[in-house]
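See below for the structure under consideration.
The values are calculated or read from the model by the stated rules, or taken from the named source; none is laboratory data. Being a predicted model, the structure only gives us computed values, none of them experimental. As a convention, Cβ positions derive from the backbone with ideal geometry for all residues, glycine included, and neighbour counts pool all protein chains shown. Just so you know, the surface numbers come from the protein's heavy atoms only, side chains and all, with ligands and any DNA or RNA stripped out. Shrake-Rupley method; radii C 1.70, N 1.55, O 1.52, S 1.80 Å.
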Amino acid sequence: MSLSGQQKAPKYIFVTGGVTSSLGKGIIASSLAKLLQSRGLSVTIQKLDPYLNVDPGTLNPYEHGECYVTDDGAETDLDLGHYERFLNVPTSQANNVTTGRIYKNVIDKERRGDFLGKTVQVIPHITDEIKRNVLQLGETGKFDIVITEIGGCVGDIESLPFLEAVRQLKWDLGENNMLVIHLTLIPYLSSAGELKTKPTQHSVRMLQENGIQPDIIVCRSEHPLPVEIRRKIALFCNVEVNSVIEAIDADTIYDVPLLMKKEKLDQRVLYMLNVYNDQDADMELWKDFLGKLKNPSDQVRIGVVGKYVELKDAYKSIAEAFIHAGAVNECKVKIDWIHSESLTPQNVAEKLANLDGVLVAPGFGERGIEGKIAAVKHVRENSIPFFGICLGMQMACIEYARNVLGFENAHSSEMNKETPYPVIDLMEDQKDITNKGGTMRLGAYECKIKDKTLAKKIYGKALISERHRHRWEFNNKFQKDFEKSGMVTSGINPDTGLVEIVEIPSHPYFIGVQFHPELKSTVMNPHPLFVNFVKAAIEYSSTKK
Ligand code: GLN
């Protein structure tokens, strides 16, 4: 049952974090949203990021992990990936706002003369702009509940304006229309054999200094929280004892919604927001997924070749898509993260030995390129299942051009402007672009799939829509050469003719895609390209036995 029938105004929940970063605000927000959604409510999650980049599109993955792209072409924080994977509902530009964007909007308004005669200040102009960005999601009329996650930690100088906006919103929206959930850490001191509440007390005090009293405190902990610890937190932090929620370390992030249900976080939230909802969260499908995930009957090893492999967050959506695809296939997918710079034509056979499939990852720039090409050559020649994503697909085309078509020094003009065979080239409409921010080919585009191809078998339909983030493209001047010698361009953009999918029919499983399927894989909707790649790996592994 939706709220909408009973009342027009949506309810707002803010999630702040304290003590340390990386406690998993995004997972807690997603888990709560999942429980509320499973009670029939319509929920969205937004992330406010305190940094000054207008969006994370210009950030190196080492800085901030993967850049997640939405259907409407926004380059966003990777937490939006969790929101989509948990809720199975697309997000948009409005779901991720940075300090940079807030300031840019305010300064643009100032230059336009919107504040003529006035001194433009953090309060009220910046805080008003923050509030506008929060409320506009609610004003779409699409959601009963808007959850806003505030990036960073309480006490950071740069998140102060966001906290000030939250303080003001309590007055604007009124009691029972919004609440604040504070996520903290309860460390365990092994020398004392005790859980310690002091850091949480301090972090809550810091929030209170900013004029915010948290309504619910979610406590990350390695150990269960005994009732006396809950009471102590309640007493010192000014909340009721049943507003102290334990968030114990979980085996997988996908356990967290069920752990939060056990702690009655959803019930508590609805009670405090004055929402009458007697539906119990229906988590049966979720439990089915978890059952399969935890009881696999098969196992495969997949090599992911990339240049940011030291930082797993750089390939977050790929790793999660393998979890979804593994569960459907009731197969444990073990990922070997392989540094592309470590691969050479001489060592590739040894480095890729014992793998049941190889995925060549997306990326930018020169570093590690020859390693990726060596990996493609090895799997193509040895009939090992291959899946190339974006740059990975481009490398598959370059390898094919060099080693099958005999195009010596074929390359992408991204890495070699002088190549005699630019089989991957800058898209026409990218040629005059000089600004780097938000100017790639971004977001969802349609792709038409040819009949009697692997892609058609995988998707089971002729028209698909997938998300993109790139500047270079397959060069159609060479399309006939590829087709004649056995690499098929099986997916084409119907409006521009750009090649979106390539495959080699004579190989047991070889497919490269120009888009990012990993961004659309969710728990309830695992992506067919990952599901079928894992299937191919299972088949390949059984032929080895
Ligand atoms: N660097 C390539 C391009 O811009 C591939 C990008 C990617 O893998 N996301 O076209």
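Numbers at a glance
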read-out: Coil-residue GluC sites (Glu not before Pro) of the range 412-453, DSSP, other Cβ within 10 Å capped at 14; value: 418
read-out: Those lysines that a straight Cα-Cα span of less than 16 Å connects to residue 104, excepting residues fewer than 8 apart in one chain; value: 131
read-out: Cα→Cβ-extended label distance, 7 Å offset, between residue 288 and residue 539, nm; value: 2.5 nm
read-out: Extension gain (nm, one decimal) between residue 160 and residue 194, 0.36 nm per residue minus Cα-Cα; value: 9.0 nm
read-out: Hypothetical label at residue 483: residues of the range 447-463 whose amide nitrogen lies under 15 Å (7 Å Cα-Cβ projection); value: 448-453
read-out: Sites residue 431 and residue 495, calculated FRET efficiency, Cβ-Cβ separation with R0 22 Å, nearest 0.05; value: 0.75
read-out: Column: log10 I(q)/I(0), Debye, Cα scatterers of the range 206-326, q = 0.13, 0.16 Å⁻¹; value: -0.76, -0.97
read-out: Whether the range 395-496 is rounded, prolate or oblate, judged on the alpha carbon gyration tensor where a/c under 1.5 counts as rounded; value: oblate
read-out: Assigned charges on the beta-carbon of Lys, Arg, Asp, Glu; the chain dipole about Cα centre (debye); value: 500 debye
read-out: The range 8-79: proportion of alpha-carbon pairs further apart than 13 angstrom, %; value: 73 percent
read-out: Inter-site label distance for residue 139 and residue 120 at 7 Å from Cα along Cβ, in nm; value: 1.9 nm
read-out: Helix-only [θ]222 nm of the chain, DSSP H runs n ≥ 4, -39500 (n - 2.57) each, per residue, nearest 500; value: -10500 deg cm²/dmol
read-out: Stokes-Einstein diffusion coefficient of the range 474-545, Kirkwood radius over Cα pairs, 20 °C, 1.002 mPa s, in µm²/s; value: 153 µm²/s
read-out: Mean accessible surface per residue for the chain, computed with a 1.4 Å probe while every protein chain stays in place, in Å²; value: 42 Å²
read-out: Label-point separation, residue 59 to residue 342 (7 Å along Cα→Cβ), nm; value: 2.7 nm
read-out: Farthest toward positive dipole pole in the range 231-375 [+1 Lys/Arg, -1 Asp/Glu at C-beta], among 374, 299, 279; value: 374
read-out: Links that overshoot a 30 Å alpha carbon limit, given the list 294/316; 377/477; 262/461; 142/261; value: 262/461
read-out: Orientation-averaged projected area, Cα convex hull of the chain (nm²); value: 27.8 nm²
read-out: Difference of contour (0.36 nm per residue) and Cα-Cα distance, residue 367 to residue 262; value: 33.1 nm
read-out: Calculated diffusion of the range 420-479, Stokes-Einstein form, Kirkwood radius summed over Cα pairs, 25 °C and 0.890 mPa s, µm²/s; value: 180 µm²/s
read-out: Residues in the range 506-545 reached by a label modelled at residue 354 [backbone nitrogen below 19 Å; 7 Å Cα→Cβ]; value: 537-545
read-out: Paramagnetic reach from residue 452 (point 7 Å along Cα→Cβ, amide N under 17 Å) across the range 474-498; value: 483-491
read-out: Whole-percent carbon and sulfur share, accessible surface of the chain, 1.4 Å; value: 50 percent
